[in-house]
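Q: Submitted below is the structure of interest, expressed as structure tokens.
We did not get these values from a lab; they are worked out from the coordinates using the rules stated. All figures in this text were calculated on a predicted structure; none of them were measured in a lab. Neighbour counts run over all protein chains shown; Cβ positions are idealised from the backbone, glycine included.
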Amino acid sequence: MLNKVFVDEKSIDKYSDSKTLADRTRALLKYQIETWELARQGYNLLDSVEVKIFEFDDFEIKVQFNPGRIVSSSAKVDKDSISARPCFLCYKNLPEEQKAIPYFRDYLILANPYPIFPEHFTIPKIDHVKQQIEGNIEGMLNLSYDIGKYYTVFYNGPQCGASAPDHMHFQAGLKNFMPIDTEYKKLISDNSDILQETDEVRIWGVKNNLRRFFIIESSNKKKLIKGFRKIYDVLHSLNAHSETEPMMNILSYYDDKKWKLIIFPRTKHRPDHFFREGDKNILLSPAAVDFGGVCITPREQDFNKLTKDILIEIFRQVSIPEEIYEYYNKTLMREISSSQS
């Protein structure tokens, strides 16, 4: 049954004669837009998406009115709701028209029919296992290496925006779509704390831009995974109450023969605005793309009412506060120092 989900390689040859995974992934999307009505409608809707931009000192936040994202933004992710519906990422439940490129024996690369990006993919594990980054970070880095020519790979934790927390998956979107893709170097130079800097790996903490986060850069995959493990363990030390893993969103890139991971620690899943009644309700549930600088509003009234002050309030509620960031920094520096001595 799984083989029926795989795209016929000959059917995407017309879109690309390249055999690299990045080019085959792009060809898959073109094929799906032509052969799958739901995908065609989803990408046509992007033509009517509205965007407004809020400028801050060293960065910007874009707000996108995208009605096609209503299902994801409003998804119920409590245990009862999840158990009551079939898993929409399991290959046996995929629409007949949806086809996949297999990624080794672990993942399926699927065109996302409800896009945020001009090119947007969902990459679920073939097996139905819960959403968790532990044990899967190497898979994320491998994907970044293989499709990083065009795409950023990202991860939403099970309590941090994943609409299918019961099924392990990544997503990928077109590079340089999120403001943080191009603001990255400036944020490091102006607002960072160097936590580790060697010939093989560099780790920074970044602050003062609504979202406090950590960055790891390395051309050595094993060293990068080791650095990620240190950050994961420190985050876990303050998230011991979590039912799954430390709350986080992750962006992963491969450029200039090296990986970079951007890790956004979280304090809560959804801001207070999401649960307010009447005119005070705003259906904005930040996930990795929002932390990357593109906030998604599927309702026009929310798009219209969002202001700079409201955005500041939302990110203050879901991001780690300054005192926790400083605690993480000091703890990480101590852990890194002790491991090098």
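Q: What residues have an amide H closer than 5 Å to that of GLN196, excluding those fewer than 5 places away on the same chain, when H is modeled at 1.01 Å from N in the peptide plane?
A: Amide H to amide H, under 5 Å and 5 or more residues apart or across chains, GLN196 pairs with ILE203.
Q: Looking at region 102-158, what % of the alpha carbon pairs are farther apart than 19 Å?
A: In whole percent, the share of Cα-Cα pairs in region 102-158 beyond 19 Å is 26.
Q: What FRET efficiency, computed as 1/(1 + (r/R0)^6) with R0 = 25 Å and r the Cβ-Cβ distance, is obtained for LYS130 and ASP272, rounded to the nearest 0.05?
A: Step by step, r from the Cβ atoms, then E = 0.35.
Q: Can I ask one more? Are there DSSP H segments in the chain that both extend 18 Å or more along their axis (alpha-carbon positions) and score a mean Kyte-Doolittle hydropathy of at least -0.5? List them, or say none.
A: Membrane-span-like by this rule: 21-35.
Q: Rounded to the nearest 500 deg cm²/dmol, what is the calculated helix-only ellipticity per residue at 222 nm for the chain, with -39500 (n - 2.57) per DSSP H run of length n ≥ 4?
A: Computed ellipticity for the chain at 222 nm equals -10000 deg cm²/dmol.
Q: How high is the relative contact order of the chain, in percent, counting Cα pairs under 8 Å that sit 6 or more residues apart?
A: 18
Q: Right, another one. In whole percent, what relative contact order does region 173-314 give with Cα contacts below 8 Å and a gap of six or more residues?
A: Here the relative contact order equals 18 percent.
Q: Another one. Apply the Debye scattering formula to region 290-341, with a single equal point scatterer on each alpha-carbon and no solvent, then give log10 I(q)/I(0) at q = 0.26, 0.31 Å⁻¹.
A: Values, matching the q order: -1.01, -1.16.
Q: What distance in nm separates the simple spin-label points at LYS19 and LYS221, each placed 7 Å from Cα in the Cβ direction?
A: That separation, rounded to one decimal, is 2.0 nm.
Q: Now a separate question. Quick one: putting +1 on the C-beta of Lys and Arg, -1 on the C-beta of Asp and Glu, what dipole do you get for region 203-288 around its Cα centre, in Debye to the nearest 20?
A: For region 203-288, the charge dipole is close to 460 debye.
Q: Under the √(5λ) rule applied to the eigenvalues of the Cα gyration tensor, what semi-axes describe the equivalent ellipsoid of region 180-232? Give them in Å, descending.
A: Working from the Cα gyration tensor, I get semi-axes of 20, 12, 10 Å.
Q: Rounded to two decimals, what is Rg over Rh for region 80-184 when you use alpha-carbon atoms and the Kirkwood radius?
A: Taking Rg over the Kirkwood Rh, I get 0.95.
Q: Hey, fewest Cβ within 10 Å first, where do PHE291, PHE213, PHE65 land in order?
A: PHE65, PHE213, PHE291
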